[in-house]
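K.L.:
Before I ask anything, let me first share the structure, which is written out below as C-alpha coordinates.
The values are calculated or read from the model by the stated rules, or taken from the named source; none is laboratory data. Treat the numbers as computed from the prediction; the structure is a model and nothing was measured. Using ideal geometry, Cβ is built from the backbone for each residue, glycine included, and neighbour counts are taken over all protein chains shown. Protein only, heavy atoms only, side chains kept; ligands, DNA and RNA dropped before computing areas. Shrake-Rupley method; radii C 1.70, N 1.55, O 1.52, S 1.80 Å.
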2 protein chains.
Amino acid sequence: MSIANPSTSDDLGSAAQRERRKRILDATYELAKSGGFDAVQMRAVAEQADVALGTLYRYFPSKIHLLVSALGRQFDEAAVRLREREIPGDTQADRVLYVLKRMARGMQGDPKLTEALTRAFMFADSSVANEIHVVGMAMTSIVTHAMHGGVPGEEAVDDEDVAIARVIGDVWLSALVSWVTGRSSAAETAAHMETAIRLILRD
Amino acid sequence: MSIANPSTSDDLGSAAQRERRKRILDATYELAKSGGFDAVQMRAVAEQADVALGTLYRYFPSKIHLLVSALGRQFDEAAVRLREREIPGDTQADRVLYVLKRMARGMQGDPKLTEALTRAFMFADSSVANEIHVVGMAMTSIVTHAMHGGVPGEEAVDDEDVAIARVIGDVWLSALVSWVTGRSSAAETAAHMETAIRLILRD
DNA sequence: AAACGTAGTGGAACGTGTTCCAAATTATGC
DNA sequence: GCATAATTTGGAACACGTTCCACTACGTTT
(Lines give C-alpha, C1' and ligand atoms only; values in the text may rest on other atoms or scores of the structure.)
Protein backbone atom coordinates (compact mmCIF):
# COMPACT_ATOMS: atom_id res chain seq x y z
CA MET A 1 0.00 0.00 0.00
CA SER A 2 1.21 3.42 -0.82
CA ILE A 3 0.69 6.14 1.71
CA ALA A 4 2.14 8.54 -0.80
CA ASN A 5 0.09 11.57 -1.53
CA PRO A 6 0.53 12.72 -5.12
CA SER A 7 0.82 16.34 -4.14
CA THR A 8 3.45 16.33 -1.43
CA SER A 9 5.58 13.30 -2.02
CA ASP A 10 8.81 13.70 -3.90
CA ASP A 11 7.75 10.73 -5.92
CA LEU A 12 5.58 12.41 -8.48
CA GLY A 13 3.75 9.28 -9.47
CA SER A 14 2.80 8.09 -12.89
CA ALA A 15 2.57 10.26 -15.95
CA ALA A 16 -1.21 10.20 -15.64
CA GLN A 17 -0.93 11.49 -12.09
CA ARG A 18 1.46 14.24 -13.04
CA GLU A 19 -0.93 15.15 -15.81
CA ARG A 20 -3.91 15.27 -13.43
CA ARG A 21 -1.96 17.35 -10.96
CA LYS A 22 -1.08 19.81 -13.68
CA ARG A 23 -4.68 20.00 -14.90
CA ILE A 24 -5.80 20.76 -11.35
CA LEU A 25 -3.24 23.51 -10.85
CA ASP A 26 -4.08 24.95 -14.26
CA ALA A 27 -7.77 25.01 -13.41
CA THR A 28 -6.96 26.66 -10.09
CA TYR A 29 -4.87 29.24 -11.88
CA GLU A 30 -7.61 30.05 -14.40
CA LEU A 31 -10.34 30.34 -11.80
CA ALA A 32 -8.18 32.43 -9.50
CA LYS A 33 -7.16 34.67 -12.34
CA SER A 34 -10.70 35.42 -13.42
CA GLY A 35 -12.53 35.47 -10.11
CA GLY A 36 -10.10 35.58 -7.21
CA PHE A 37 -10.18 33.61 -4.00
CA ASP A 38 -13.93 33.16 -3.89
CA ALA A 39 -14.11 31.84 -7.43
CA VAL A 40 -11.72 29.04 -6.65
CA GLN A 41 -14.43 26.68 -5.51
CA MET A 42 -13.45 23.10 -5.05
CA ARG A 43 -16.37 21.79 -7.10
CA ALA A 44 -15.52 24.23 -9.88
CA VAL A 45 -11.84 23.30 -9.84
CA ALA A 46 -12.73 19.63 -9.97
CA GLU A 47 -15.10 20.14 -12.85
CA GLN A 48 -12.75 22.33 -14.85
CA ALA A 49 -9.87 19.92 -14.26
CA ASP A 50 -12.17 17.08 -15.27
CA VAL A 51 -11.59 15.24 -12.03
CA ALA A 52 -13.91 14.03 -9.31
CA LEU A 53 -14.16 16.05 -6.13
CA GLY A 54 -12.72 13.18 -4.12
CA THR A 55 -9.73 13.01 -6.44
CA LEU A 56 -9.10 16.70 -6.07
CA TYR A 57 -9.00 16.24 -2.31
CA ARG A 58 -6.66 13.31 -2.73
CA TYR A 59 -4.19 15.52 -4.52
CA PHE A 60 -4.66 18.61 -2.38
CA PRO A 61 -6.13 18.11 1.05
CA SER A 62 -7.65 21.59 1.24
CA LYS A 63 -8.36 24.69 -0.76
CA ILE A 64 -5.49 26.39 1.01
CA HIS A 65 -3.05 23.64 0.08
CA LEU A 66 -4.25 23.92 -3.47
CA LEU A 67 -3.81 27.67 -3.70
CA VAL A 68 -0.49 27.75 -1.92
CA SER A 69 0.77 25.04 -4.25
CA ALA A 70 -0.31 27.14 -7.20
CA LEU A 71 1.49 30.09 -5.65
CA GLY A 72 4.58 27.96 -5.21
CA ARG A 73 4.56 27.05 -8.87
CA GLN A 74 4.26 30.73 -9.80
CA PHE A 75 7.10 31.81 -7.55
CA ASP A 76 9.31 28.97 -8.65
CA GLU A 77 8.86 29.95 -12.26
CA ALA A 78 9.55 33.57 -11.45
CA ALA A 79 12.66 32.68 -9.46
CA VAL A 80 13.97 30.55 -12.32
CA ARG A 81 13.30 33.24 -14.93
CA LEU A 82 15.05 35.79 -12.75
CA ARG A 83 18.02 33.60 -11.99
CA GLU A 84 19.15 33.49 -15.59
CA ARG A 85 19.32 37.23 -15.87
CA GLU A 86 21.56 40.03 -14.69
CA ILE A 87 19.91 42.57 -12.45
CA PRO A 88 20.56 46.23 -13.30
CA GLY A 89 21.34 48.74 -10.56
CA ASP A 90 24.39 50.04 -8.73
CA THR A 91 23.43 49.34 -5.16
CA GLN A 92 21.75 46.43 -3.45
CA ALA A 93 18.76 48.62 -2.75
CA ASP A 94 18.45 49.58 -6.41
CA ARG A 95 18.65 46.02 -7.59
CA VAL A 96 16.21 44.68 -5.05
CA LEU A 97 13.80 47.47 -5.86
CA TYR A 98 14.17 46.75 -9.55
CA VAL A 99 13.23 43.13 -9.05
CA LEU A 100 10.42 43.78 -6.62
CA LYS A 101 8.89 46.44 -8.81
CA ARG A 102 9.04 44.08 -11.72
CA MET A 103 7.26 41.42 -9.71
CA ALA A 104 4.77 43.96 -8.45
CA ARG A 105 3.97 44.93 -12.02
CA GLY A 106 3.29 41.34 -12.85
CA MET A 107 1.05 40.95 -9.85
CA GLN A 108 -0.86 44.14 -10.53
CA GLY A 109 -1.60 42.82 -13.98
CA ASP A 110 -3.46 39.93 -12.37
CA PRO A 111 -5.01 41.37 -9.27
CA LYS A 112 -7.55 38.60 -8.76
CA LEU A 113 -4.92 35.94 -9.06
CA THR A 114 -2.66 37.78 -6.66
CA GLU A 115 -5.50 38.22 -4.23
CA ALA A 116 -6.35 34.55 -4.26
CA LEU A 117 -2.79 33.37 -3.77
CA THR A 118 -1.90 35.94 -1.14
CA ARG A 119 -5.02 35.32 0.91
CA ALA A 120 -4.34 31.62 0.85
CA PHE A 121 -0.74 32.11 1.89
CA MET A 122 -1.72 34.30 4.80
CA PHE A 123 -4.37 31.91 5.94
CA ALA A 124 -2.27 28.77 5.78
CA ASP A 125 -1.44 26.94 8.96
CA SER A 126 1.29 24.50 9.85
CA SER A 127 -0.29 21.66 7.89
CA VAL A 128 0.71 23.58 4.80
CA ALA A 129 4.31 23.90 5.97
CA ASN A 130 5.79 22.10 2.98
CA GLU A 131 4.04 24.23 0.41
CA ILE A 132 4.80 27.37 2.38
CA HIS A 133 8.44 26.45 2.51
CA VAL A 134 8.62 26.29 -1.27
CA VAL A 135 7.26 29.80 -1.47
CA GLY A 136 9.55 31.14 1.22
CA MET A 137 12.60 29.64 -0.44
CA ALA A 138 11.70 31.09 -3.81
CA MET A 139 11.14 34.49 -2.25
CA THR A 140 14.43 34.47 -0.37
CA SER A 141 16.20 33.27 -3.48
CA ILE A 142 14.73 36.08 -5.55
CA VAL A 143 15.80 38.72 -3.05
CA THR A 144 19.31 37.43 -2.39
CA HIS A 145 19.87 37.00 -6.09
CA ALA A 146 18.88 40.61 -6.62
CA MET A 147 21.11 41.77 -3.78
CA HIS A 148 24.11 40.22 -5.47
CA GLY A 149 23.33 41.53 -8.90
CA GLY A 150 22.77 38.20 -10.51
CA VAL A 151 26.35 37.39 -11.31
CA PRO A 152 26.06 33.63 -11.33
CA GLY A 153 29.62 32.77 -10.34
CA GLU A 154 30.14 34.22 -6.91
CA GLU A 155 26.84 34.04 -5.12
CA ALA A 156 28.49 34.96 -1.83
CA VAL A 157 25.27 34.62 0.13
CA ASP A 158 25.96 34.54 3.85
CA ASP A 159 23.64 34.23 6.81
CA GLU A 160 23.19 37.93 7.22
CA ASP A 161 22.08 38.23 3.62
CA VAL A 162 19.48 35.61 4.23
CA ALA A 163 18.30 37.39 7.36
CA ILE A 164 18.00 40.62 5.42
CA ALA A 165 16.21 38.88 2.62
CA ARG A 166 13.75 37.46 5.09
CA VAL A 167 13.02 40.87 6.55
CA ILE A 168 12.46 42.23 3.08
CA GLY A 169 10.22 39.30 2.35
CA ASP A 170 8.20 40.15 5.46
CA VAL A 171 7.70 43.72 4.41
CA TRP A 172 6.86 42.59 0.93
CA LEU A 173 4.21 40.23 2.23
CA SER A 174 2.63 42.80 4.49
CA ALA A 175 2.62 45.32 1.68
CA LEU A 176 1.09 42.77 -0.60
CA VAL A 177 -1.62 42.07 1.90
CA SER A 178 -2.48 45.75 2.23
CA TRP A 179 -2.65 46.10 -1.50
CA VAL A 180 -4.58 42.92 -2.10
CA THR A 181 -7.13 43.78 0.52
CA GLY A 182 -7.63 47.24 -0.92
CA ARG A 183 -6.17 49.02 2.06
CA SER A 184 -3.54 50.82 0.04
CA SER A 185 -3.14 51.68 -3.62
CA ALA A 186 -0.48 50.33 -5.92
CA ALA A 187 1.38 53.62 -5.75
CA GLU A 188 1.28 53.73 -1.97
CA THR A 189 2.46 50.17 -1.82
CA ALA A 190 5.35 50.89 -4.15
CA ALA A 191 6.36 53.95 -2.15
CA HIS A 192 6.18 52.01 1.07
CA MET A 193 8.32 49.24 -0.34
CA GLU A 194 10.87 51.75 -1.52
CA THR A 195 11.04 53.38 1.89
CA ALA A 196 11.46 50.07 3.58
CA ILE A 197 14.14 48.76 1.30
CA ARG A 198 16.20 51.93 1.39
CA LEU A 199 15.93 51.77 5.16
CA ILE A 200 17.05 48.19 5.35
CA LEU A 201 19.68 48.31 2.63
CA ARG A 202 21.58 51.56 3.15
CA ASP A 203 24.83 50.21 1.79
CA MET B 1 -35.08 55.36 9.36
CA SER B 2 -31.58 54.99 10.59
CA ILE B 3 -29.03 53.54 8.26
CA ALA B 4 -26.59 53.57 11.11
CA ASN B 5 -24.86 50.36 11.87
CA PRO B 6 -24.14 50.04 15.56
CA SER B 7 -20.65 48.70 14.95
CA THR B 8 -19.17 51.18 12.53
CA SER B 9 -21.00 54.40 13.06
CA ASP B 10 -19.52 56.99 15.33
CA ASP B 11 -22.90 57.28 16.90
CA LEU B 12 -22.72 54.48 19.37
CA GLY B 13 -26.43 54.16 19.80
CA SER B 14 -28.39 53.67 22.95
CA ALA B 15 -27.04 52.29 26.17
CA ALA B 16 -28.70 48.97 25.39
CA GLN B 17 -26.93 48.84 22.08
CA ARG B 18 -23.59 49.65 23.58
CA GLU B 19 -24.24 46.98 26.13
CA ARG B 20 -25.09 44.42 23.43
CA ARG B 21 -22.03 45.34 21.46
CA LYS B 22 -19.87 44.82 24.50
CA ARG B 23 -21.47 41.47 25.28
CA ILE B 24 -20.78 40.35 21.73
CA LEU B 25 -17.15 41.39 21.83
CA ASP B 26 -16.73 39.77 25.23
CA ALA B 27 -18.19 36.52 23.95
CA THR B 28 -15.89 36.68 20.95
CA TYR B 29 -12.95 37.24 23.22
CA GLU B 30 -13.83 34.29 25.44
CA LEU B 31 -14.41 31.89 22.59
CA ALA B 32 -11.27 32.99 20.78
CA LYS B 33 -9.24 32.69 23.92
CA SER B 34 -10.30 29.15 24.63
CA GLY B 35 -10.60 27.71 21.15
CA GLY B 36 -9.01 29.98 18.59
CA PHE B 37 -10.32 31.02 15.22
CA ASP B 38 -12.38 27.91 14.58
CA ALA B 39 -14.12 28.13 17.93
CA VAL B 40 -15.42 31.59 17.20
CA GLN B 41 -18.55 30.33 15.51
CA MET B 42 -21.20 32.86 14.82
CA ARG B 43 -23.96 30.76 16.37
CA ALA B 44 -21.83 30.22 19.46
CA VAL B 45 -21.01 33.90 19.78
CA ALA B 46 -24.66 34.80 19.44
CA GLU B 47 -25.70 32.30 22.03
CA GLN B 48 -23.01 33.26 24.52
CA ALA B 49 -23.76 36.96 24.05
CA ASP B 50 -27.45 36.17 24.47
CA VAL B 51 -28.34 37.71 21.16
CA ALA B 52 -30.03 36.38 18.05
CA LEU B 53 -27.91 35.43 15.10
CA GLY B 54 -29.49 38.14 12.98
CA THR B 55 -28.64 40.73 15.59
CA LEU B 56 -25.06 39.61 15.70
CA TYR B 57 -24.87 40.14 11.96
CA ARG B 58 -26.46 43.53 12.31
CA TYR B 59 -23.70 44.60 14.64
CA PHE B 60 -20.86 42.89 12.81
CA PRO B 61 -21.45 42.04 9.18
CA SER B 62 -19.05 39.11 9.15
CA LYS B 63 -16.92 36.92 11.35
CA ILE B 64 -13.88 38.80 10.12
CA HIS B 65 -15.34 42.17 11.08
CA LEU B 66 -16.14 40.76 14.45
CA LEU B 67 -12.67 39.40 15.11
CA VAL B 68 -10.87 42.43 13.76
CA SER B 69 -13.03 44.63 15.96
CA ALA B 70 -12.08 42.53 18.94
CA LEU B 71 -8.45 42.86 17.93
CA GLY B 72 -8.86 46.61 17.65
CA ARG B 73 -10.20 46.79 21.16
CA GLN B 74 -7.24 44.77 22.43
CA PHE B 75 -4.70 46.93 20.66
CA ASP B 76 -6.36 50.11 21.74
CA GLU B 77 -6.20 49.04 25.34
CA ALA B 78 -2.58 48.02 24.98
CA ALA B 79 -1.69 51.30 23.31
CA VAL B 80 -3.36 53.26 26.08
CA ARG B 81 -1.66 51.26 28.84
CA LEU B 82 1.68 51.77 27.14
CA ARG B 83 1.20 55.45 26.56
CA GLU B 84 1.13 56.24 30.24
CA ARG B 85 4.47 54.65 30.89
CA GLU B 86 8.09 55.38 30.28
CA ILE B 87 9.91 52.91 28.08
CA PRO B 88 13.33 51.74 29.33
CA GLY B 89 16.25 51.45 26.94
CA ASP B 90 19.03 53.67 25.64
CA THR B 91 18.48 53.41 21.93
CA GLN B 92 15.40 53.39 19.77
CA ALA B 93 16.07 49.77 18.88
CA ASP B 94 16.28 48.80 22.55
CA ARG B 95 13.07 50.55 23.43
CA VAL B 96 11.13 49.17 20.49
CA LEU B 97 12.40 45.71 21.26
CA TYR B 98 11.42 46.11 24.86
CA VAL B 99 7.88 46.99 23.93
CA LEU B 100 7.52 44.38 21.25
CA LYS B 101 8.87 41.65 23.46
CA ARG B 102 6.46 42.67 26.14
CA MET B 103 3.59 42.47 23.71
CA ALA B 104 4.88 39.17 22.39
CA ARG B 105 4.87 37.78 25.92
CA GLY B 106 1.30 38.80 26.30
CA MET B 107 0.36 37.19 23.05
CA GLN B 108 2.21 33.99 23.79
CA GLY B 109 0.23 33.73 26.98
CA ASP B 110 -2.93 33.54 24.91
CA PRO B 111 -1.92 31.68 21.79
CA LYS B 112 -5.43 30.76 20.72
CA LEU B 113 -6.64 34.29 21.08
CA THR B 114 -3.68 35.59 19.16
CA GLU B 115 -4.22 33.03 16.45
CA ALA B 116 -7.84 33.97 16.02
CA LEU B 117 -7.24 37.68 15.87
CA THR B 118 -4.20 37.47 13.62
CA ARG B 119 -5.84 35.11 11.15
CA ALA B 120 -8.80 37.41 10.92
CA PHE B 121 -6.62 40.44 10.39
CA MET B 122 -4.72 38.74 7.62
CA PHE B 123 -7.86 37.55 5.93
CA ALA B 124 -9.69 40.83 6.03
CA ASP B 125 -10.54 42.58 2.81
CA SER B 126 -11.36 46.19 1.99
CA SER B 127 -14.81 45.99 3.55
CA VAL B 128 -13.06 45.82 6.88
CA ALA B 129 -10.99 48.93 6.18
CA ASN B 130 -12.34 50.89 9.14
CA GLU B 131 -11.63 48.20 11.68
CA ILE B 132 -8.22 47.54 10.15
CA HIS B 133 -7.39 51.19 10.37
CA VAL B 134 -7.97 51.20 14.10
CA VAL B 135 -5.51 48.36 14.49
CA GLY B 136 -2.93 49.95 12.22
CA MET B 137 -3.12 53.24 14.11
CA ALA B 138 -2.71 51.55 17.45
CA MET B 139 0.25 49.59 16.17
CA THR B 140 1.97 52.63 14.73
CA SER B 141 1.28 54.55 17.89
CA ILE B 142 2.81 51.83 20.02
CA VAL B 143 5.97 51.72 17.95
CA THR B 144 6.50 55.47 17.62
CA HIS B 145 5.86 55.89 21.30
CA ALA B 146 8.54 53.32 22.02
CA MET B 147 10.95 54.95 19.62
CA HIS B 148 10.70 58.19 21.53
CA GLY B 149 11.03 56.67 24.92
CA GLY B 150 7.64 57.58 26.17
CA VAL B 151 8.40 61.09 27.30
CA PRO B 152 4.93 62.51 26.97
CA GLY B 153 5.83 66.13 26.37
CA GLU B 154 7.83 66.23 23.17
CA GLU B 155 6.49 63.50 20.98
CA ALA B 156 8.48 64.76 18.03
CA VAL B 157 7.02 62.22 15.66
CA ASP B 158 7.76 63.15 12.08
CA ASP B 159 6.85 61.46 8.82
CA GLU B 160 9.97 59.40 8.70
CA ASP B 161 9.26 58.01 12.13
CA VAL B 162 5.86 56.94 10.97
CA ALA B 163 7.34 55.31 7.88
CA ILE B 164 9.78 53.43 10.04
CA ALA B 165 7.06 52.42 12.43
CA ARG B 166 5.04 51.08 9.55
CA VAL B 167 7.91 48.98 8.31
CA ILE B 168 8.38 47.59 11.79
CA GLY B 169 4.69 46.91 11.96
CA ASP B 170 4.95 44.97 8.71
CA VAL B 171 7.74 42.79 10.00
CA TRP B 172 5.89 42.31 13.21
CA LEU B 173 2.79 41.16 11.42
CA SER B 174 4.65 38.73 9.21
CA ALA B 175 6.49 37.34 12.19
CA LEU B 176 3.23 37.03 14.04
CA VAL B 177 1.71 35.11 11.19
CA SER B 178 4.63 32.70 11.05
CA TRP B 179 4.34 32.11 14.74
CA VAL B 180 0.59 31.87 14.85
CA THR B 181 0.46 29.39 12.01
CA GLY B 182 3.10 27.23 13.61
CA ARG B 183 5.70 27.89 10.99
CA SER B 184 8.25 29.19 13.47
CA SER B 185 8.73 28.90 17.19
CA ALA B 186 8.44 31.73 19.69
CA ALA B 187 12.21 31.84 20.04
CA GLU B 188 12.77 31.98 16.31
CA THR B 189 10.19 34.68 16.00
CA ALA B 190 11.81 36.73 18.74
CA ALA B 191 15.23 36.35 17.16
CA HIS B 192 13.89 37.34 13.80
CA MET B 193 12.23 40.42 15.23
CA GLU B 194 15.43 41.42 16.95
CA THR B 195 17.42 41.04 13.74
CA ALA B 196 14.91 43.08 11.81
CA ILE B 197 14.66 45.89 14.30
CA ARG B 198 18.39 46.24 14.77
CA LEU B 199 18.64 46.36 11.00
CA ILE B 200 16.01 49.02 10.64
CA LEU B 201 16.94 51.09 13.67
CA ARG B 202 20.72 51.30 13.68
CA ASP B 203 20.87 54.73 15.27
C1' DA C 1 -6.07 -14.38 -18.12
C1' DA C 2 -7.43 -14.04 -13.13
C1' DA C 3 -7.01 -11.86 -8.83
C1' DC C 4 -5.80 -8.17 -6.24
C1' DG C 5 -4.76 -3.61 -4.68
C1' DT C 6 -4.73 1.28 -5.78
C1' DA C 7 -6.82 5.30 -7.77
C1' DG C 8 -10.73 7.62 -9.57
C1' DT C 9 -15.89 8.48 -9.86
C1' DG C 10 -20.39 10.27 -8.65
C1' DG C 11 -22.90 11.88 -5.38
C1' DA C 12 -24.93 12.20 -0.74
C1' DA C 13 -24.29 14.37 3.55
C1' DC C 14 -22.46 17.43 7.19
C1' DG C 15 -20.73 21.88 9.36
C1' DT C 16 -20.44 26.55 9.54
C1' DG C 17 -20.72 31.35 7.56
C1' DT C 18 -24.27 34.01 5.70
C1' DT C 19 -28.93 35.50 4.20
C1' DC C 20 -33.71 36.06 4.74
C1' DC C 21 -38.26 36.51 6.81
C1' DA C 22 -42.38 36.88 9.67
C1' DA C 23 -43.55 37.68 14.26
C1' DA C 24 -42.55 39.85 18.72
C1' DT C 25 -40.51 43.54 21.23
C1' DT C 26 -38.78 48.03 22.09
C1' DA C 27 -38.13 52.94 21.17
C1' DT C 28 -39.84 57.35 19.38
C1' DG C 29 -42.86 61.20 18.02
C1' DC C 30 -47.25 63.12 18.92
C1' DG D 1 -51.15 56.41 25.85
C1' DC D 2 -51.14 55.46 20.87
C1' DA D 3 -49.42 54.95 16.36
C1' DT D 4 -45.56 54.12 13.95
C1' DA D 5 -40.91 53.01 13.04
C1' DA D 6 -36.86 50.53 14.26
C1' DT D 7 -34.82 46.62 16.39
C1' DT D 8 -34.58 42.02 17.96
C1' DT D 9 -35.89 37.30 17.79
C1' DG D 10 -36.14 32.45 16.31
C1' DG D 11 -35.39 29.75 12.90
C1' DA D 12 -35.41 28.14 8.09
C1' DA D 13 -32.66 28.08 4.08
C1' DC D 14 -28.60 28.49 1.17
C1' DA D 15 -23.51 28.17 -0.24
C1' DC D 16 -19.33 26.14 -0.17
C1' DG D 17 -15.48 23.49 2.11
C1' DT D 18 -15.02 19.02 3.53
C1' DT D 19 -15.94 14.04 4.47
C1' DC D 20 -17.57 9.68 3.29
C1' DC D 21 -19.02 5.67 0.77
C1' DA D 22 -20.22 2.26 -2.64
C1' DC D 23 -18.86 1.37 -7.06
C1' DT D 24 -15.94 1.26 -11.23
C1' DA D 25 -11.51 1.40 -13.92
C1' DC D 26 -6.82 0.49 -14.14
C1' DG D 27 -2.38 -1.58 -13.58
C1' DT D 28 0.49 -5.17 -11.53
C1' DT D 29 1.59 -9.76 -10.11
C1' DT D 30 1.49 -14.36 -10.96
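K.L.:
Name the single residue that is farthest from B:R119 (Cα to Cα) among those in region B:19-32 being surrounded by fewer than 18 Cβ atoms within 10 Å (Cβ to Cβ) and in contact (Cβ under 8 Å) with a residue 12 or more places away in the chain.
P.N.:
Applying the filter and picking the extreme gives B:R23.
K.L.:
Here's something else I'd like to know. In region B:94-118, which residue that is touching a Leu at 6+ places or on another chain (Cβ under 8 Å) and in contact (Cβ under 8 Å) with a residue 60 or more places away in the chain is nearest to A:F121 (Cα to Cα)?
P.N.:
B:T118
K.L.:
Filter region A:23-43 for residues that are in contact with an Asp or Glu (Cβ under 7 Å, 6 or more places away or on another chain) and either farther than 18 Å from A:Y57 by Cβ or outside any helix (DSSP H, G or I) (or both) and give the result.
P.N.:
Selection gives A:K33, A:G36, A:F37.
K.L.:
OK, next. Quick one: count up the residues across region A:171-193 that are surrounded by fewer than 15 Cβ atoms within 10 Å (Cβ to Cβ) and not hydroxyl-bearing (S, T, Y).
P.N.:
Residues meeting the conditions: 4.
K.L.:
Within region A:88-103, how many residues turn out to be open to solvent by less than 10 Å² (accessible area, probe 1.4 Å) and β-branched (V, I, T)?
P.N.:
Result for region A:88-103: 2.
K.L.:
Another question, then. Can you report the number of residues in region B:194-203 which are at the interface with another protein chain (Cβ under 7 Å from one of its Cβ atoms) and open to solvent by 30 Å² or more (accessible area, probe 1.4 Å)?
P.N.:
Qualifying residue count, region B:194-203: 1.
K.L.:
Suppose the filter is part of a helix (DSSP H, G or I), open to solvent by less than 30 Å² (accessible area, probe 1.4 Å) and not hydrophobic (A, V, I, L, M, F, W, C); does B:G72 pass it?
P.N.:
Considered against the rule, which asks whether it is part of a helix (DSSP H, G or I), open to solvent by less than 30 Å² (accessible area, probe 1.4 Å) and not hydrophobic (A, V, I, L, M, F, W, C), B:G72 comes out as yes.
K.L.:
Right, something else. Hey, can you tell me all the residues within region B:46-67 that are within 12 Å of DNA strand D (Cβ to nearest atom) and within 23 Å of the chain's Cα centre (by Cα)?
P.N.:
Of everything in region B:46-67, those that are within 12 Å of DNA strand D (Cβ to nearest atom) and within 23 Å of the chain's Cα centre (by Cα) turn out to be B:A46, B:A49, B:L56, B:Y57, B:R58, B:Y59, B:F60.
Condition check ((1) more than 14 Å from chain B (Cβ to nearest Cβ); (2) of a type in the set (K, R)) across all residues:
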{"residue": "A:R102", "(1), (2)": "yes, yes"}
{"residue": "A:R105", "(1), (2)": "yes, yes"}
{"residue": "A:K112", "(1), (2)": "no, yes"}
{"residue": "A:A116", "(1), (2)": "no, no"}
{"residue": "A:V128", "(1), (2)": "no, no"}
{"residue": "A:H133", "(1), (2)": "no, no"}
{"residue": "A:T140", "(1), (2)": "no, no"}
{"residue": "A:A146", "(1), (2)": "yes, no"}
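K.L.:
Please determine, by comparing only the residues of region A:1-13 that are open to solvent by 60 Å² or more (accessible area, probe 1.4 Å) and of a type in the set (S, T, N, Q), which one is modelled with the highest pLDDT.
P.N.:
Across region A:1-13, the extreme among qualifying residues is A:T8.
K.L.:
So, in region A:39-69, exactly how many residues are more than 10 Å from DNA strand C (Cβ to nearest atom) and either open to solvent by 10 Å² or more (accessible area, probe 1.4 Å) or touching a Pro at 6+ places or on another chain (Cβ under 8 Å) (or both)?
P.N.:
So the answer is 10.
K.L.:
Still on this structure, please answer the following. Of all residues in region B:75-90, which are assigned to a helix (DSSP H, G or I) and not acidic (D, E)?
P.N.:
B:F75, B:A78, B:A79, B:V80, B:R81, B:L82, B:R83
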